[in-house]
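Bear in mind these aren't lab numbers, they're just calculated from the coordinates by the rules spelled out. Because the structure is a prediction, the values reported are computed rather than measured. Cβ atoms come from the backbone with ideal geometry, glycine included; neighbour counts cover every protein chain shown.
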Amino acid sequence: MRKKMLFFFISMSCSLQLLAQSKLTIAVAANMQYTIQELITEFNKANKTKIDVVLGASGKLTQQVLNGAPFDIFISADKEFPQKLADNHFTLEPPKVYAQGLLVLWSVKPNIQPAKDLKLLVSPAIKSIAIANPKTAPYGSAAEAILKKYNLYAIISSKLVTGESITQTSQFIATRNADIGFTAKAIVISGEMKGKGKWVELNSADYPPIEQAAALLKHAKEANEGAAKQFYNFLYSAKAKAIYNKFGYIVK
Amino acid sequence: MIALAPLWLTLKLALSTTLILFIIAVPLANWLSGDKGFFKIIVKTIVSMPLVLPPTVIGFYLLLAFSPANFFGHWLEEWFDIRLVFSFSGLLIASVIYSLPFMVHPIQSGLSSLSPSLKEAAFSLGKTRWQTLTQVLLPNIKPSLLTGIVLTFAHTVGEFGVVLMIGGNMPGKTRTASIAIYDEVEAFNYHNANVYAGILLVLSFAILLILYSFNRKMQQTKFY
């Protein structure tokens, strides 16, 4: 009996170790929440790597990395946050852009029809407008930029409801707690949200391009550098590009 | 320069919550401290729930309840033109629920610890139930009342999860000090976060210090 138990524990710990060997933890910008799942599935058709995903606003994840979070790869929603990590020597190589994101205006209220010119936001029928925190979420700062460009920001700022990431923002809109809001195209055209309410793509010339970059982090060296590099390179492969395309990103 | 609005808002929220809860909790605790019954046990359980539930559970249900897409939220909007989510009133309701046990428990245990003869004497001298409560029982449990008030206040100041879920981080309306700290840390403004955090730290220390020294004094003088 004892021997059996011992054997059991030894084999358990061995298998745990095996698991640990091919495991990655990656920090992913919230707008990629659906895209990343498909990327991982595609990647694992040829590999057997367990990839844990930590979702959040890019600024928040950057903050976590700077404070020692054990992430192997950081997939951001902009270029600045990964660059900040590079400047602080947290990356193994300079970050690279993998796709460009698009901003949409979305509402699931039946009587609201989102329009490109954003004029409807001024209407008294719209009481709350969801936006991601501009300080930490690149889609939030893009939304703020377009509102300022159209000279609407000052008028509607009292209606703005801030989500801590683009996922919380989308959740505010999807649950109708906010009448309308700004989110990522990748979220509204994903499987889960498809067909919910109405959205319109905003004029991409009216906000700074949301160039999304990823970085291979130093922590990968301590854990599982081979697998981390493989997945990092996969993010720039033709297969990955096809997935970005499918989720509404612009790929160059 | 840091904005003082989050601190004022926190103070306003904590004071309003404490006041409302005091009004609710005194009769509730009085009723709960009386004879036992199965119904009372159920109410007691419900009152204690916020102690063990993660704030996110309360936040999640309130978010669903307040949403205009659902019955309660829709009804409020249709009939009263009120939307509770992302508003100060919404936070206030959430805080009242969330801090309920912190007010009820001390008062209830204070009332239970009083000798029944006190109540009986008051009744036999012709006092009504209400007079007995306000003129005889409550003055005898001042430390418990103070504990309830202080804990509720402090707990509301420390509220974070619920506010994060239903607040929407609106400056002046729902951005409380605890949210402001989170926000500043995320935005790399460690200095501002430090100022807010420092103020809350000193405030909590002062509040608890006052409570404990007052209760000690009360206990020393209790039997004179």
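Things worth noting here:
- Compactness of segment A:81-139 - radius of gyration and Dmax, Cα, Å: 17.7, 51
- Near-label residues of segment B:169-202 by backbone N, under 20 Å of a point 7 Å along Cα→Cβ of residue A:88: B:180-197
- One way to sum up the overall shape of segment B:36-164 is the equivalent ellipsoid from its Cα gyration tensor, whose semi-axes run 35, 17, 14 Å, largest first.
- Descending by average beta-carbon neighbour count within 10 Å, the peptides A:129-139, B:125-135, A:186-196, B:108-118 line up as A:129-139, A:186-196, B:108-118, B:125-135, the highest first.
- 5 angstrom amide H check on residue B:82, placed H, neighbours 5+ away: B:77
- Size of chain A: Rg and Dmax of its alpha carbons, in Å, are 20.4, 76.
- Exercise: per-residue mean of other protein chain Cβ atoms within 10 Å, B:44-52: 0
- Look at where the Cα atoms of segment B:72-112 and of segment A:91-157 average out, and the two centres are 32 Å apart.
- Highest mean packing first, where packing is the average number of other Cβ atoms within 10 Å per residue, the peptides A:36-44, A:148-156, B:59-67 line up as B:59-67, A:36-44, A:148-156.
- Residues considered: A:215, A:238, A:223. Largest GNM mean-square fluctuation over chain A, using C-alpha springs under 10 Å, is found at A:238.
- Of the trypsin sites (Lys or Arg not before Pro) in segment B:1-94, those whose Cβ has at most 16 other Cβ within 10 Å and which sit in DSSP loop: B:36
- Whole-Hz ³J(HN,Hα) from phi, Karplus 6.51 cos²θ - 1.76 cosθ + 1.60, for segment A:44-54, glycine and proline x: 7, 5, 10, 10, 10, 10, 7, 10, 8, 10, 10
- Cα pair count fraction exceeding 29 Å, expressed as % - the protein assembly as shown: 59 percent
- Among beta bridges that DSSP assigns inside chain A, antiparallel share in %, nearest 5: 55 percent
- Cα gyration tensor shape of segment A:102-206, rounded if a/c is under 1.5, else prolate or oblate by comparing a/b with b/c: rounded
- Average beta-carbon neighbours from other chains, 10 Å sphere, peptide A:151-161: 2
- Two-site label geometry, residue A:192 and residue B:160: point separation in nm, points 7 Å out along Cα→Cβ: 2.4 nm
- Scanning chain B for long hydrophobic helices, with DSSP H runs required to stretch 15 angstrom or more by C-alpha along their axis and to average at least 1.6 on the Kyte-Doolittle scale, returns B:5-32, B:38-52, B:55-66.
- Sites residue B:194 and residue B:64, calculated FRET efficiency, Cβ-Cβ separation with R0 30 Å, nearest 0.05: 0.25
- For segment B:1-73, the convex hull drawn through the C-alpha positions has a volume of 151 cubic angstrom per residue.
- DSSP H segments from chain A that extend 20 Å or more along their own axis, Cα-based, with Kyte-Doolittle mean of -1.0 or above: A:2-21
- Value of Rg to Rh for segment A:149-215, rounded to two decimals, is 0.97; Kirkwood radius and Rg both from alpha-carbon coordinates.
- Where the alpha-carbon atoms of chain B are placed on the principal axes, they occupy 63, 43, 28 Å, in descending order.
- Taking every DSSP beta bridge that has both ends in segment A:102-206, the antiparallel portion is near 55%.
- Considering only B:49, B:90, B:181, the residue lying farthest towards the positive end of the dipole of chain B is B:49, judged by Cα position with unit charges set on Cβ.
- Interchain or long-range residues, amide H under 5 Å from residue A:217's placed H: A:73, A:74, A:92
- FRET efficiency, 1/(1 + (r/R0)^6) with R0 51 Å, evaluated for residue A:125 and residue B:206 via beta carbons: 0.65
- Residue A:42/residue B:12 FRET efficiency (R0 45 Å; Cβ-Cβ; nearest 0.05): 0.30
- Bridge type composition, the protein assembly as shown - antiparallel percent by DSSP, nearest 5: 55 percent
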